[in-house]
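Please treat every number below as a calculation from the coordinates, not as lab data. Predicted model, so just to flag it, every value in this text is computed and none were measured. Don't worry about glycine lacking a Cβ; one is built from the backbone with ideal geometry, like all the others, and counts go over all protein chains shown.
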Amino acid sequence: MNSWLDRLRTRLNRLSGGDPMVALAPLIAALLALVAGAFILLALGKNPIEAYGAMLEGAFGSERNLFRTLTRATPLLLVAIGICIAFRGGMINIGAEGQLFVGAVSATAFSIGFADALPGWLLVILTLLIGFLAGAVWGAVPGVLKARFNVNEILSTVMMNEIAIQLLIFLLSGPMIDPAEVERGTRIPQSAPLPESVWMARLAPPSQIHVGVFIAIIAAAVVYVLLWRTTLGYRIRAVGQNRDASRYAGISVPFYLALSLTLSGGLAGLAGAVEVMGVSHRMVEGFAVGYGFSGIVVALFGRLHPIGSIPSAFLFGAMLVGADKMQRDLQVPSATIIALQGLIVIFVVSSDIWVRRRTARRLAQQAAPTISAAEAPASSH
Amino acid sequence: MSQPTTLPSGHTRIDSAEMRGIVKRFPGVLANDHVNFEVRAGEIHALLGENGAGKSTLMKILYGLYQPDEGQIFINGEEVHFHSPADALARGIGMIHQHFMLVQTLTVAENVALGMKTPHGLLELDGVKKRLRELSEIYGLKIDPDAYIWQLSVGEQQRVEIVKALYRGGALIILDEPTAVLTPQEVDELFVTLKQMREQGHALIFISHKLHEVQDLSDRITVMRDGRVVDTVPNDGIEQRTLARMMVGRDVQLQPDRPEVERGPVRLRVRDLVVNNDQDLPALRGISLDVHAGEIVGIAGVSGNGQRELAETIAGLREAVSGEIELDGKSILHASVAERLRAGLAFIPEERMRHGTIGVFSVAENMILQNHGDPPFARSVFFDFGAIARHTGELIRRFNIKTPSQETPVKNLSGGNIQKLILARELSRQPVVLIAAQPTRGVDISATEYIRHTLMQQRNEGVAILLISEDLDEILALSDRIVVLYEGQIMGVVDREDADVEMLGLMMAGARQQA
């Protein structure tokens, strides 16, 4: 019992370099952001304490609200751990949004198409797999373009988002439209419902929370193992940190560049599949909008670490749910919520820079006698 | 004391600056242990020591960047307390850091004016420029106040730093390894400037670990080791060996013994190699050479004559236009880097941070850079961290790598220790052929000694070594045969017995070997 605690403590100590600020700074920064946000709320004539009260209440106030938060956190976490892989591999993936859509649409089409042909358990597994693969393909395209032709992946992933969005609209209003909509003549662009056999089990009905939350947590653990305990992850990180040295070491840089973006897309695709199987049970226009982008922030907030992304996703899930409540209770314009999120991001990112400088300073002081400026040629290359 | 007490720059001279009993502790280390140090007007005082000896710490205390835990500082006999560099500047102490503190997109005058207090909050650049011209006149420092920093060479930027220090009233100027970033010509110019400043009554402190520079330049030499002053000696005829011994604490042998070993079969064969550089212009124009087991072949030459391209082509990072490369009798011309590594090639790249290591990766992670996928380090795709830790621990011990732990990011190690890490890693793979490019550049004396001895020992054990170095002393100390490269062609091959510095120098300048 004690040894377990000790181990945890040494581990935390190692991660933070013995500096509690490493863990505390983001929380303090988030609080300061809320203080800054209070001025926006005041300017709108709202009582910030009431507003934040509503937010807290909305996110954590009841069991039901807490479940809501967890439901929202699930796709965020899946996207975020994918982002961790890409960023660690030196690829800036802005395309999670599109990868998520494609994953969800493919999972929908597949599960509806094979609903009667396959036993339920197999259909579930294959539907998840198809979602992953579709997202992976959407990530692989910019990945290969980068690896082969050095096409900037930031631009290509953004463009792939646009393609995915248009594709989604086309499919939902044409080939994949719910036949019932056509019959009724309403033609609302949405797919038929997924077969009930692939619906994710609800954990606490009537809440929407579903077993997908466990899938996400397990996936985070798997990604952690992949990145830090396998040769594959080692190479992804090596290429992400120093392409030249990786080349000298005989690592195939283009392959691992493409791979990290492919895996990243796969996890975003999985997020889409899980979301459609767990929450909406059909594809609709406006499905899961924004998760792909928020997931990037979640990953950064979690220090690009899959395990760090778990609390980070929870926090951002809470913010989304709490914001809904705040909007309903106080009639705050929804743009305010986006501004608040932006403030939190700015404050947290700044605090991160502050902590890094502080750590560097501490290291420099500790190491001053052994690592003096005299040796800077080593690092100036 | 008959000299005037103002300097040509118009500031008060510092006749003496004295540090007494300085103690500075950092967590776990005593960086300065009761250090006494003194510098006078009209003197260049060299502060010599290995990396980590405490030189920089001592100077940062004098410049007000650190506060001492114990001890006193006296300027012209009066005790002073510096709480920041601003305090030190106010008393006429300036410091020129190894990395220049200049804004690239501003002009010289703007950089000098940066951070200065002006009477009405208005920038009076014309006054600054006028004063800069005066100073550059007085000190013979050619500088255009209107030039942008990015337009200047490294040597010129350093001149800006010197003028900046003078402008701000520097009577005592500390130079932290000022030659590390300069070309040999720029070093000569710098020394002329410094000597002139000495004549004009400035007190100069010159931090270095390069023995010949210290000998060339200084009046007195203070040697530090492990946070203590070993001795302060006048620079009159003191031998480099003596200084080296004071620095390291024992005799240093930069030229390892060379037992006769039987030359083995050819391990690396290069034939008519033609390679282009990054601009697609010919870098190597038909190079042929052999390296046998148990010999070191040194490639001498001024940098930029094809050495880098030769190393990269053998390593598999650059494609040859034509020619042949054989490792142990088998062609590797079209082999991938990984295949060459597996065939027994090892490589110490010129740029250790860019090509040799991954800075944010730990010592342990860097130790397995090439063979991380092989047993015992990995079983299928999963790492065996126990095996990696044992391997790393053994290499740290065997190669005497100084690191706080195996988990320390490599970028936090000193240059010499990073180089030892690379050497340890490459040799642990038991190579057939080792390419060593500038293996001791920028590392301190004891690491240089260690690396050279290790290379020699590998040669004695039958490794074929291709040594590429700009340091002719190094080439002469290690090589069995010397190949001189000039503009991508071999000017000649010389056996070590016949090697003569003057002849090599001529060949390096493009003269072909006389038959």
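List of remarks:
- Using distinct alpha-carbon pairs, which all enter the 1/r mean, Kirkwood radius of the protein assembly as shown in Å: 31.7 Å
- Measuring how big region B:388-474 is from its alpha-carbon positions, Rg and Dmax come out at 12.9, 38 Å.
- For region B:296-386, the alpha carbon positions stretch 44, 29, 24 Å along the principal axes, listed from largest to smallest.
- Length-normalised contact order of region B:46-197 in % [C-alpha pairs under 8 Å, at least 6 apart]: 28 percent
- For region B:16-245, a crude dipole built from +1 on the beta carbon of Lys and Arg and -1 on the beta carbon of Asp and Glu, taken about the Cα centre, is about 280 debye to the nearest 20.
- Spatial offset of region B:7-68 relative to region A:150-164 amounts to 56 Å, using the alpha carbon center of each.
- The overall shape of chain B is prolate: from the C-alpha gyration tensor, with semi-axes ordered a ≥ b ≥ c, the ratio a/c is 1.5 or greater and a/b exceeds b/c.
- Signed unit charges on C-beta, dipole axis of chain B, positive-most listed residue B:S336, B:L190, B:I22: B:I22
- Sparse-neighbourhood loop sites, trypsin sites (Lys or Arg not before Pro) in region B:63-151 - DSSP loop, at most 13 other Cβ within 10 angstrom: B:K117, B:K142
- Signed unit charges on C-beta, dipole axis of the protein assembly as shown, positive-most listed residue B:T222, B:N417, B:L506: B:N417
- Helix-only mean residue ellipticity at 222 nm for the protein assembly as shown, each DSSP H run of n ≥ 4 adding -39500 (n - 2.57), per residue, nearest 500: -16000 deg cm²/dmol
- On Cα atoms only, tilt of A:120-149 relative to the major axis of chain A in degrees: 50 degrees
- In region B:171-273, the GluC sites (Glu not before Pro) that fall in loop regions by DSSP, at most 10 other Cβ within 10 Å: B:E239, B:E260, B:E262
- Under the Karplus curve 6.51 cos²θ - 1.76 cosθ + 1.60, θ = phi - 60°, whole-Hz ³J(HN,Hα) for region B:314-327, x wherever Gly or Pro sits: 5, 6, x, 9, 9, 8, 7, 6, 7, x, 8, 10, 10, 10
- Close amide-amide hydrogen proximity is noted between B:I14 and B:A203, each under 5 Å apart and 5 or more residues distant or on a separate chain (H modeled in the peptide plane; Pro and chain starts excluded).
- Derived scalar couplings ³J(HN,Hα) [region A:278-289; Karplus, 6.51 cos²θ - 1.76 cosθ + 1.60; whole Hz; x for Gly, Pro]: x, 10, 8, 6, 6, 7, 10, 5, x, 5, 6, 5
- Theoretical FRET efficiency, 1/(1+(r/R0)^6), r = Cβ-Cβ of B:L30 and B:V233, R0 35 Å, to 0.05: 0.90
- Degrees separating the helix B:415-428 axis from the principal Cα axis of chain B, which is the longest one: 10 degrees
- Counting DSSP beta bridges with both ends in the protein assembly as shown, the antiparallel % (nearest 5): 60 percent
- With Cα atoms, 0 to 90° folded angle of helix A:334-367 axis to chain A main axis: 30 degrees
- Sequence-distant lysines (8 or more away, or on other chains) whose Cα lies within less than 26 Å of A:K46: A:K325
- Contour minus Cα-Cα distance for A:L155 and A:A339 (0.36 nm per residue): 63.7 nm
- Per-residue Karplus couplings for region A:79-85, computed as 6.51 cos²θ - 1.76 cosθ + 1.60 with θ equal to phi - 60°, are listed in order as 4, 4, 5, x, 4, 4, 4 Hz, Gly and Pro entered as x.
- Region B:16-245 - Debye-derived log10 I(q)/I(0), Cα point model, q = 0.09, 0.12, 0.15 Å⁻¹: -0.37, -0.66, -1.02
- Assigned charges on the beta-carbon of Lys, Arg, Asp, Glu; region A:73-318 dipole about Cα centre (debye): 920 debye
- For B:E326 and B:D374, the difference between the fully extended length at 0.36 nm per residue and the C-alpha to C-alpha distance is 14.8 nm.
- Here the relative contact order of chain B, from alpha carbon pairs under 8 Å that lie six or more residues apart, stands at 15 percent.
- For B:I96, residues with placed amide H under 5 Å, excluding near neighbours: B:I174, B:L175, B:D176
- Under 5 Å between amide hydrogens, built in the peptide plane, is the criterion, and for B:N235 it picks out B:R220, B:I221 among residues at least 5 positions away or on other chains.
- Cα-based shape type of region A:62-111, given that a ≥ b ≥ c are square roots of the gyration tensor eigenvalues and the cut on a/c is 1.5: oblate
- Count of lysine pairs in chain B with Cα separation under 15 Å (8 or more residues apart, or interchain): 12
- Overall form of chain A per C-alpha gyration tensor (a/c, 1.5; a/b vs b/c): oblate
- Separation of region B:290-316 and region A:80-104, taken as the distance between their Cα centroids, equals 43 angstrom.
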